[in-house]
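The values are calculated or read from the model by the stated rules, or taken from the named source; none is laboratory data. Being a predicted model, the structure only gives us computed values, none of them experimental. Heads up, the Cβs are rebuilt from the backbone with ideal geometry, glycines too, and the neighbour counts pull from every protein chain shown.
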Amino acid sequence: MTASATVPLSLSVQQLEIWRGDRCLCRDLTFQLAAGAAIHVQGPNGCGKTTLIRVLTGLGRADDGEVRWCGYLREEDKADYRAAIAYVGHGNGVKLGLTPRENIEVAIALLAQSTPVAVDPVLVRVGLERQADLPCGMLSMGQRRRTALARLLLGYVPLWFLDEPLTSLDTAGVSLITGMLKQHLAGGGLAVFASHQPLDLRPFPVQSLILGAAA
Amino acid sequence: MKLAALVRRDLLLAYRRRGDVATPVIFFVMVTALFPLALSPEPALLRTLAPGVIWVAALLAGLIGQGSLFKSDYEDGTLEQLLLSPVSLELVALLRVLTHWLVTGLPLVILSPLMAMLLFYPASAMGMLIASLLLGTPVLSLLGAVGAALTVGLRRSGLLLPILILPLTVPVLIFGARATALASQGEPVAAPLYLLAAMLVLALTLAPFAIAAGLRVSLES
């Protein structure tokens with residue numbers, strides 16, 4: 001977080017090229033994301049949205065190009081970059097043998113910050129206060145998704161990566177996400193999300209990034 | 001404190017799936033208990049075979065469940081979160097293996113004198129049996145975890161893990177069984193025990209890096 005204290009937050013991707021097998025998922029992908037703005041990654045199934053997001057988080061490997069966080073190459077300070085991002089992917093990262101409360105406590109342990117976080121308000125916010133002490137294996141898919149989303153509310157992490165955040169959520173869940181994203185952007189956060197459904201984040205600027213099927 | 005929360009998580013999960021967790025220990029008890037029935041009730045024969053039987057059973061019991069060490073974390077996305085967290089993956093991996101050993105390996109070591117008695121292993125050498133297993137089984141766990149990390153992303157990797165890992169475990173098996181056999185004959189066991197201890201130090205130092213690298217590679221695709 002040292003870099004982010006002095007430099008304005010920004011994510012910049014330059015000439016990113018990603019191949020999987022003999023398929024080129026993107027080439028010369030260049031974009032800039034400033035504080036308070038979001039990118040909506042769109043495209044048909046199998047076009048590489050998940051792969052792109054995984055590459056941006058650092059989980060996946062890019063074949064060419066660079067990702068800069070606040071002007072610095074992300075490889076220069078991996079720990080700083082990891083402390084600055086949150087990722088909710090297809091795998092929820094929720095242990096079915098643990099309750100939502102226990103899952104959230106583990107997520108707190110994995111945060112960079114060491115300030116204590118109150119779990120109960122977060123559970124109320126994601127609407128799981130009544131299920132807080134049931135094993136996640138007994139909860140519905142939507143409720144598991146909400147447990148995963150609770151990770152985003154544990155502290156201030158500036159850059160969010162959300163891969164199909166709306167999966168298995170009900171309408172209340174969709175407005176929960178919209179509210180969370182708006183609050184995040186209002187606080188100067190950045191977000192990259194992939195979704196087939198439109199998300200209304202007005203008045204915040206949302207760029208669309210459309211990945212083609214087989215380029 | 002952060003790491004304590006992760007250890008607590010692993011212990012809690014193990015406690016909630018205690019049936020699965022107990023499988024290696026039950027396997028160890030079954031195999032060692034069946035040998036006297038299948039071979040002969042002759043004490044002299046069983047006493048000679050005891051070190052080999054106990055060590056082979058402990059090695060194979062250790063392999064059970066090794067494959068699933070990171071599997072559920074891989075499938076439910078927890079591994080991605082661990083990789084992306086600022087907490088050192090090497091340290092997390094080491095703690096995971098040690099917790100796994102604590103709930104599967106340690107009960108096996110504790111039960112081993114009982115099983116050794118069934119095989120007429122001399123009571124005077126029990127201390128050395130326990131010492132050799134205490135030094136050897138964590139090495140087996142660490143080696144198994146390297147294989148588990150490398151194969152976590154593969155479907156149907158059931159037999160691949162033992163094939164990868166068994167050659168590496170042979171030295172532990174040789175020196176562990178040797179120490180146990182020497183102890184039962186009243187011979188000095190310092191040499192094989194020191195070698196086991198050296199292997200443990202080596203595995204504790206290097207395996208976490210290999211495990212973390214394996215996990216990173218497995219998640220890259």
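Just wondering, is there one or more residues in the stretch B:74-93 that are within 12 Å of the chain's Cα centre (by Cα), surrounded by 23 or more Cβ atoms within 10 Å (Cβ to Cβ), assigned to a helix (DSSP H, G or I) and not small (Gly, Ala, Ser)? So far as the stretch B:74-93 goes, no, none of its residues is within 12 Å of the chain's Cα centre (by Cα), surrounded by 23 or more Cβ atoms within 10 Å (Cβ to Cβ), assigned to a helix (DSSP H, G or I) and not small (Gly, Ala, Ser). So for the stretch A:77-89 (the condition being among the basic types (Lys, Arg) and out of contact with any Cys (no Cβ under 9 Å at 6 or more places or on another chain)), does at least one residue qualify? Yes, there is a match, as at least one residue in the stretch A:77-89 is among the basic types (Lys, Arg) and out of contact with any Cys (no Cβ under 9 Å at 6 or more places or on another chain). With respect to (1) under 20 Å from B:Val217 (Cα atoms); (2) out of contact with any Gly (no Cβ under 7 Å at 6 or more places or on another chain), the lone exception for A:Thr51 is condition (2). B:Leu102 meets the conditions (1) in a helix (DSSP H, G or I); (2) crowded, with 20+ Cβ neighbours inside 10 Å; (3) not acidic (Asp, Glu) in every case but one. The failed one is (2). Number of residues in the stretch B:123-179 that are modelled with pLDDT of 95 or more and not in a helix (DSSP H, G or I): the value is 0. For the stretch B:38-87: of the residues being away from every other protein chain (no Cβ under 12 Å) and among the hydroxyl-bearing types (Ser, Thr, Tyr), which is farthest from B:Ser184 (Cα to Cα)? Filtering first and then ranking leaves B:Ser68. Being within 11 Å of chain B (Cβ to nearest Cβ), within 25 Å of A:Ile39 (Cα to Cα) and in a loop (DSSP other than H, G, I, E, B) is true of A:Ala112. Of all the residues in the stretch A:160-176, those that are of a type in the set (A, V, I, L, M, F, W, C) and within 19 Å of A:Leu139 (Cα to Cα) number 5. For the stretch A:52-90, the tally of residues that are under 24 Å from A:His184 (Cβ atoms) and either touching an Asp or Glu at 6+ places or on another chain (Cβ under 7 Å) or buried (at least 18 other Cβ atoms within 10 Å of the Cβ) (or both) stands at 24. Would you confirm, using the coordinates I've provided, whether B:Ala131 is hydrophobic (A, V, I, L, M, F, W, C) and touching a Ser or Thr at 6+ places or on another chain (Cβ under 9 Å)? Judged against the criteria, B:Ala131 is not a match.
Being in contact with a Ser or Thr (Cβ under 7 Å, 6 or more places away or on another chain), surrounded by 15 or more Cβ atoms within 10 Å (Cβ to Cβ) and either under 18 Å from B:Pro138 (Cβ atoms) or more than 13 Å from every other protein chain (Cβ to nearest Cβ) (or both) is a property that B:Val109 has.
From the list A:Arg151, A:Arg145, pick out the single residue that is closer than 19 Å to A:Leu56 by Cβ and either in contact with a strand residue (DSSP E or B) (Cβ under 9 Å, 6 or more places away or on another chain) or not charged (D, E, K, R) (or both). If you could, list the steps in order and put the result at the bottom.
Details: A:Arg145 fails: closer than 19 Å to A:Leu56 by Cβ.
Result of the check over A:Arg151, A:Arg145: A:Arg151.
Determine if the stretch B:192-214 includes at least one residue that is surrounded by fewer than 21 Cβ atoms within 10 Å (Cβ to Cβ), among the polar types (S, T, N, Q) and under 17 Å from the mean Cα position of the chain (by Cα). Yes, there is a match, as at least one residue in the stretch B:192-214 is surrounded by fewer than 21 Cβ atoms within 10 Å (Cβ to Cβ), among the polar types (S, T, N, Q) and under 17 Å from the mean Cα position of the chain (by Cα). For first residues located in the stretch A:40-61 and under 20 Å from A:Ile177 (Cα atoms), partners that are charged (D, E, K, R) and at pLDDT 90 or above and lie 6+ apart or on another chain with Cβ distances below 6 Å form the pairs A:Val41/A:Lys49; A:Thr50/A:Asp163; A:Ile53/A:Asp163.
Out of the residues in the stretch A:70-88 that are farther than 19 Å from B:Gln81 by Cβ and part of a strand (DSSP E or B), which is farthest from the other protein chains (Cβ to nearest Cβ)? Checking each candidate, the answer is A:Leu73.
Annotation note: of A:Gly60, A:Gly65, A:Gly91, A:Gly48, the sole residue that is within 14 Å of another protein chain (Cβ to nearest Cβ) and farther than 22 Å from A:Leu110 by Cβ is A:Gly48.
Results for (1) in contact with a His (Cβ under 8 Å, 6 or more places away or on another chain); (2) assigned to a loop (DSSP other than H, G, I, E, B); (3) at pLDDT 90 or above, shown as yes or no for each residue.
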| residue | (1), (2), (3) |
| --- | --- |
| A:Leu123 | no, no, yes |
| A:Gly127 | no, yes, yes |
| A:Ala148 | no, no, yes |
| A:Ile177 | no, no, yes |
| A:Lys182 | no, no, yes |
| A:Leu199 | yes, yes, no |
| A:Arg202 | no, yes, no |
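Within the stretch B:49-77, residues that are more than 26 Å from B:Leu154 (Cα to Cα) have Cβ atoms under 7 Å from residues that are in a loop (DSSP other than H, G, I, E, B) and among the β-branched types (Val, Ile, Thr) in no pair, counting only partners at least 6 apart in sequence or on another chain.
Any residue in the stretch B:116-132 that's closer than 10 Å to B:Ala181 by Cα: show its pairings with residues that are not in a helix (DSSP H, G or I) at Cβ separation under 8 Å, as long as the two are six or more apart or on different chains. As it stands, the answer is B:Ala125/B:Gly186; B:Met128/B:Val189; B:Leu129/B:Tyr121, since those pairs meet every condition given.
Selection over the stretch B:1-27 of residues that are facing chain A (nearest Cβ under 7 Å), without any contact (Cβ under 8 Å) to a residue 60 or more places away in the chain and in a helix (DSSP H, G or I) gives a count of 5.
Taking into account only those residues within the stretch B:2-40 that are in contact with a helix residue (DSSP H, G or I) (Cβ under 6 Å, 6 or more places away or on another chain) and among the basic types (Lys, Arg), which is nearest to A:Leu98 (Cα to Cα)? Looking at the filtered set, the residue picked out is B:Arg9.
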